[in-house]
Amino acid sequence: MNILIMSCNTGGGHNAAAQAVAQALRRRGHTCKVVDFLALASDFVSKEVCGAYVAVVNRAPKMFNLLYKAGAAVSTPHHKSPIYYINKCFVRRLRQEFAANHYDAVVVSHIFAAQALTALRKKGELDIPFISITTDYTCSPFWEEVLCDCMTIPHPDLIEEFVQHGVDPSLLLPCGIPVSEECSQELTQQQAREMLDLPQERPVVLLAGGSMGHGNQKDLIDALLSRQRFEPYIVVVCGSNKAEKESLEKRYAKRDDVQIRGYERRLPLLMRAADVTFTKPGGLSSTEAAVVGTPLIFRNAIPGCETYNQNFFVSRGMAYAPDSARTQSKAARLLCTGPEHRDAMLTAQKGIPNRAADAVCDKLEQLWAERGNQP
């Protein structure tokens, strides 16, 4: 099959899920093309929309929370949302993309693309298999508007929530969130540290701020370094936040126990090497951590969907979420020095579905075969 995969650059999780599906499809011999949905209009549109999103999230999280709540308030299966009608404007661009390429199926990892494809399907112009991937541990606003053949969700416990929001239960596939094959590599912590040239003899604490480098890491680093009876080696991943990276490099230039990194493609390997991983509770990054199997502490949650992600993990014992740098550093020491706490969390994390990318491939091949074709 030749599959179109559409994502959106509003956060790295959507792109990572799209790339994980593409990786699995290519391994099976299929061809696929991964497209930034907003770039169908132009690279300028994609850059401006995504830049505005990042600015609101990083500089005005309370405003983002209000926007999320407003979306939830108007989200209903009884009528279409304003966001749907905005994304409907991309129908002409979608027609051009489908006319220029013969696709046998389409997969999307963002609501914008899913809504535009829904508009195309309502016009009777999309008769190939269409799968939507949700990437948060909640039914975010407007997914009930989507007319797809299958909607993957992160966990079986979310089925009832999606149904209550108006999603047809026959469409739901609770297979998890697609993560890269690297998350399932059979490597020991020692091997991962050797590959990354990290110390073997002391606790390694990973601070990952997400692809956008969200949050101020300085207070946590200082709290970790000042905690008594605890001498961690700290690795900080700043993502695309160059200003944060430069500031931290300057502040900790004389320390040999703090390593500052920018955008990191080997994050699953770093998670495997770490005794504790700090991250904001993005759906994709949280799933990666659980699939890898690393003690997890949340911080800097973006109000809205990430709050739901955090509550989902914490309520099931898969993560901690202390509310200050001091208590976060205390939790890190507890997980590094208390094997009973660490083991309990790792056992709980095994409840996260870990083969979502393959499940998407299986479903695509099934839908394609049901139309009388050979996979």
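The values are calculated or read from the model by the stated rules, or taken from the named source; none is laboratory data. These numbers come from a predicted model, not from an experiment. No Cβ is skipped: glycine too gets one built from the backbone with ideal geometry, and neighbour counts run over all protein chains shown. SASA here: full protein model, heavy atoms, side chains in, ligands and nucleic acids out. Shrake-Rupley method; radii C 1.70, N 1.55, O 1.52, S 1.80 Å.
A few remarks follow.
- Restricted to region 260-275, and to residues there that are open to solvent by less than 60 Å² (accessible area, probe 1.4 Å) and either free of Cβ contacts under 8 Å to residues at least 60 places away in the same chain or in contact with a Cys (Cβ under 6 Å, 6 or more places away or on another chain) (or both), the residue that is farthest from L220 (Cα to Cα) is P268.
- Tabulated pairs, region 305-317, first touching a residue at least 60 places away in the same chain (Cβ under 8 Å), second of a type in the set (D, E, K, R) and crowded, with 17+ Cβ neighbours inside 10 Å, C-beta under 8 angstrom, 6+ apart or interchain: C305/D136; E306/D136; E306/K280; Y308/D136; N309/D136
- Residue check: G71 meets all listed conditions (1) touching a residue at least 40 places away in the same chain (Cβ under 8 Å); (2) under 23 Å from A39 (Cα atoms) but one, namely (2).
- Failed item, numbered, when D323 is tested on (1) of a type outside the set (G, A, S); (2) in contact (Cβ under 8 Å) with a residue 24 or more places away in the chain; (3) within 24 Å of I221 (Cα to Cα): (2)
- Residue match in region 328-348 (condition: under 21 Å from G13 (Cα atoms), in contact with a strand residue (DSSP E or B) (Cβ under 6 Å, 6 or more places away or on another chain) and either surrounded by 19 or more Cβ atoms within 10 Å (Cβ to Cβ) or in contact (Cβ under 8 Å) with a residue 24 or more places away in the chain (or both)): no
- Any hit, region 208-216, residues being out of contact with any Ser or Thr (no Cβ under 8 Å at 6 or more places or on another chain), modelled with pLDDT of 90 or more, open to solvent by 30 Å² or more (accessible area, probe 1.4 Å) and not small (G, A, S): no
- In this entry, I111 is excluded by the filter for residues that are in contact with a Phe, Trp or Tyr (Cβ under 7 Å, 6 or more places away or on another chain), open to solvent by 50 Å² or more (accessible area, probe 1.4 Å) and under 20 Å from V45 (Cα atoms).
- Leading residue by the ranking (surrounded by the fewest Cβ atoms within 10 Å (Cβ to Cβ)) among those in region 318-327 that are over 17 Å from the mean Cα position of the chain (by Cα) and not polar (S, T, N, Q): D323
- Here L38 meets the list (1) surrounded by fewer than 22 Cβ atoms within 10 Å (Cβ to Cβ); (2) in contact (Cβ under 8 Å) with a residue 40 or more places away in the chain; (3) not small (G, A, S) almost entirely, failing just condition (1).
- Looking across Y137, Y84, Y53, Y68, one residue alone is modelled with pLDDT under 95, within 15 Å of G304 (Cβ to Cβ), surrounded by 18 or more Cβ atoms within 10 Å (Cβ to Cβ) and not small (G, A, S). It is Y68.
- Number of the condition not met by F230 [criteria: (1) under 20 Å from K280 (Cα atoms); (2) surrounded by 18 or more Cβ atoms within 10 Å (Cβ to Cβ); (3) among the hydrophobic types (A, V, I, L, M, F, W, C); (4) at pLDDT below 95]: (1)
- Residue count for region 294-317, restricted to those that are farther than 21 Å from G12 by Cβ, surrounded by fewer than 23 Cβ atoms within 10 Å (Cβ to Cβ) and not basic (K, R): 4.
- Check on V291, modelled with pLDDT of 95 or more, hydrophobic (A, V, I, L, M, F, W, C) and open to solvent by 20 Å² or more (accessible area, probe 1.4 Å): yes
- L198 vs. criteria more than 19 Å from R251 (Cβ to Cβ) and at pLDDT 95 or above: yes
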